[in-house]
Amino acid sequence: MKKNKGGFGGGLGGPFNLFIFVVVLCGAIMMLTRITDTAREKIEIPYSEYLNLITQDKVKKVEIAGVSVVGQLQDQKRFETVVPENNPEQWEILRKHNVEVQIITGSNLGFWPLFFIGLLLAALLVAWYFLRPSRNAGGGGNIFSMGKSKAKMFLPSTIKDKFTSVAGAHEAKEELKDVVDFLKNPEKYKRLGAKITRGALLVGEPGNGKTLLARAVAGEANCPFFSISGSDFIEVFVGVGASRVRDLFAQARKHAPSIIFIDEIDAVGRQRSAGGFGGGHDEREQTLNQLLTEMDGFETAKDPVIVLAATNRPDVLDKALLRPGRFDRRVEVPYPDLASREQILSLHAKSVHIDVKVDMKKIARGTPGFSGADLANLINEAAIIASKNNQDQVVLEDFEQARDKILLGKEIKTIALTAEDRKLTAFHEAGHALIRLLLPKVMDPLHKVTIVPRGRALGVTHSIPEREKYNSNKEEMLASIKAALGGRIAEEIEFQELSTGAYSDFLAATDIARDMVCRYGMTDALGPVVYSQRQGDFVYSQKTAEKIDNEVKAIIETCYTQAKAMLNQNRDKLTQLSQALLEKETMYARDIYELLGIEPREDHKFTQE
């Protein structure tokens, strides 16, 4: 749930807490006053006795407020009485017996009048808090505008993005061109009885350009664009989100043909509860219900209104939201392929001073798995590195450093490792690298090995795929387990002792082995059955769990034995590579191939010098 800066978020709202605080404070003050007055006990006496006490010089001082007199005796006892109006003899007697006199002017209100005055002031304070212009609403909102939509409206003249602004994503753009055509020529489809698409769901990992594609659709269609985040609908007060949905769609129909873009729709579109406490009654579900209703009512609009939504978690969305008639189309926005990465890099490079020797195709080949945002960050990091070095242009070496920083983390130069630690790290990384070199058919090409600490690691062995990979076979997964175990095995062979540095390697190896058993059916004992875990509870029996654990352990132990035999057979190469790492600290694949006399593979190093 989104927390509102205005004080409405988080359980009981800020204004309510403020009101309670003021009321309690006023009550505490009034009660304290009453307790204080009670503690100062006063005795009521007749007027005649009052005069006698004065004449006997037993009265020390009096406070006179009209006909009411409160006095103090010489023994500190207090009393009160009522005197006649226009009583001049009182003043003469007080003066003659040297009684200290204090005249109190103004009204003397009691406890309850003062309490209700404080309560009224508190109510006025809370009313001011609610009715004042809200900073979140740009200076013009208050409690009565809470139900208004928070969507930002962009007129066609302000939208500069077109499909040409989006590099890559060819299939997604082809799908969305139909949406643009619907908006531009609705009659073209209505004449044959076709229904206008009501919604398109953009699905993809963060950074792949879903929001940019939505803006490009609005720019191509030349129509108003309403942009809002799914969390902007949700408030602590039930009904506010539904009201905002109604207001948003009312505005969109008013400016139709138009586009509504809801980013991170999973914040409001999650599956509704099947029952139990709050089923169908909490704020999020009321908002979702209203959204479903509004999307069903489009046929009443003369001009089309199309909803575009983006999410990277389509699995959690409510089924009613995804059915035909609401979000009619699902547009996949995947990670960019090689050609798309080259286009994205070229597009972002236009605003940066880059050396003409930089080959964007080579950089694209060396960045598989990068999203569009990652590629933009790569260009920016390279420009930052070049600027720090006071260069006139961004060169290839800057891109190499930028990629290493993004993938491996920043070099940590403040850690002072002992000679023993450096040697242990060198053998550990050499073990990882050598296993990869000895299994060339099933492992990605080696790119770089370093014993310079980066991020949380004391050393890193890094590989880069030759191509985009969409599938893995059993042999490749077993090879990955062997490569992960290679570091610990190298330590054991050289030092005959075990260290804690292999924890993350064991974690990676265990995850791969468990996926092989539970997800991909790669063992004979359990077969092609998926054994999943849901909400912290295993959905299979204890007996099956024991079988899974045994199979996972057997896979890892077999890989450990085979990898250890490989390193023992190539002990000379292990020692040679470790010593070279101790001398150079960082070695690229080309240098390692030459050192060990192994046939080289594709080199993804940007620079060749």
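The values are calculated or read from the model by the stated rules, or taken from the named source; none is laboratory data. What you see is a predicted model, and the numbers here were worked out from it, not measured in a lab. Because the Cβ atoms are built from the backbone with ideal geometry, glycine has one as well, and the counts that use them run over all protein chains shown.
Filter segment 220-235 down to residues that are among the small types (Gly, Ala, Ser) and surrounded by fewer than 21 Cβ atoms within 10 Å (Cβ to Cβ) and give me whichever is modelled with the highest pLDDT. Out of the qualifying residues, it is Ser227.
Scan segment 330-383 for residues that are assigned to a loop (DSSP other than H, G, I, E, B), over 30 Å from the mean Cα position of the chain (by Cα), modelled with pLDDT under 90 and not hydrophobic (A, V, I, L, M, F, W, C) and the total you get is 4. Exactly one residue out of Ala216, Ala167, Ala194 is outside any loop (DSSP other than H, G, I, E, B) and assigned by TED's automatic domain parsing to the domain that holds Leu288, and it is Ala216. Could you check, for segment 524-531, whether at least one of its residues is under 19 Å from Thr450 (Cβ atoms) and at pLDDT below 90? No, the conditions are met nowhere in segment 524-531.
Against the conditions (1) under 30 Å from Ala339 (Cα atoms); (2) at pLDDT below 80, Lys190 satisfies every one except (1). For segment 271-288, the tally of residues that are modelled with pLDDT under 75, acidic (Asp, Glu) and farther than 10 Å from Phe233 by Cα stands at 1.
When only residues in segment 455-478 that are modelled with pLDDT of 80 or more and closer than 23 Å to Lys362 by Cβ count, which is surrounded by the fewest Cβ atoms within 10 Å (Cβ to Cβ)? I'd like the intermediate steps shown before the answer.
Going residue by residue through segment 455-478, those that are modelled with pLDDT of 80 or more are 457-465, 471-478.
Still in the running and closer than 23 Å to Lys362 by Cβ: 460-465.
Working: Val460: 20, Thr461: 24, His462: 21, Ser463: 18, Ile464: 21, Pro465: 15.
Step by step, filter segment 455-478, then rank; the result is Pro465.
Among residues belonging to segment 360-373 that are charged (D, E, K, R) and in contact (Cβ under 8 Å) with a residue 24 or more places away in the chain, point out the one that is farthest from Leu213 (Cα to Cα). Break it down into steps so the answer makes sense when it comes.
Applying the first criterion (charged (D, E, K, R)) to segment 360-373 yields 361-362, 365.
Pick out the ones that are also in contact (Cβ under 8 Å) with a residue 24 or more places away in the chain and you get 362, 365.
Working: Lys362: 26, Arg365: 24 Å.
Top of the filtered list is Lys362.
Of all the listed residues (Lys543, Lys584, Lys564, Lys553), the sole one being surrounded by 17 or more Cβ atoms within 10 Å (Cβ to Cβ) and either among the basic types (Lys, Arg) or modelled with pLDDT of 95 or more (or both) is Lys564.
So is Asp421 touching a residue at least 24 places away in the same chain (Cβ under 8 Å) and under 26 Å from Gly209 (Cβ atoms) or not? Give the derivation first.
Working: touching a residue at least 24 places away in the same chain (Cβ under 8 Å): yes; under 26 Å from Gly209 (Cβ atoms): no.
No: the conditions fail for Asp421.
Given (1) without any contact (Cβ under 8 Å) to a residue 12 or more places away in the chain; (2) more than 39 Å from the chain's Cα centre (by Cα), where does Val539 come up short, assuming only one miss? Val539 satisfies all of (1) without any contact (Cβ under 8 Å) to a residue 12 or more places away in the chain; (2) more than 39 Å from the chain's Cα centre (by Cα) except (2). Looking only at residues in segment 61-86 that are within 11 Å of Ile43 (Cα to Cα) and among the β-branched types (Val, Ile, Thr), the one that is nearest to the chain's Cα centre (by Cα) is Val70.
For segment 388-503, the helices (runs of 4 or more DSSP H) that sit wholly inside it and include 1 or more residues that are more than 30 Å from Asp359 (Cβ to Cβ) are 419-438, 474-495.
Go through segment 289-302 and give me each residue that's of a type outside the set (A, V, I, L, M, F, W, C) and modelled with pLDDT of 70 or more.
First, the residues of segment 289-302 that are of a type outside the set (A, V, I, L, M, F, W, C): 289-290, 293-294, 296-297, 299-300, 302.
Asn289, Gln290, Thr293, Glu294, Asp296, listed by residue number.
You will find that of Lys423, Lys448, Lys441, the residue that is farther than 18 Å from Thr575 by Cα, assigned by TED's automatic domain parsing to the domain that holds Ala563 and in contact with an Asp or Glu (Cβ under 9 Å, 6 or more places away or on another chain) is Lys441 and no other. Give the residues of segment 570-593 that are in a helix (DSSP H, G or I), over 13 Å from Leu437 (Cβ atoms) and of a type in the set (S, T, N, Q), sorted by residue number. Thr575, Ser578, Gln579 - these are the residues of segment 570-593 that are in a helix (DSSP H, G or I), over 13 Å from Leu437 (Cβ atoms) and of a type in the set (S, T, N, Q). Among the candidates Ser499, Ser504, Ser463, Ser480, the residue that is more than 24 Å from Leu407 (Cβ to Cβ) and of a type in the set (Gly, Ala, Ser) is uniquely Ser499. The combined condition, being within 26 Å of His432 (Cβ to Cβ), surrounded by 14 or more Cβ atoms within 10 Å (Cβ to Cβ), modelled with pLDDT of 90 or more and among the hydrophobic types (A, V, I, L, M, F, W, C), is fulfilled by Ala513.
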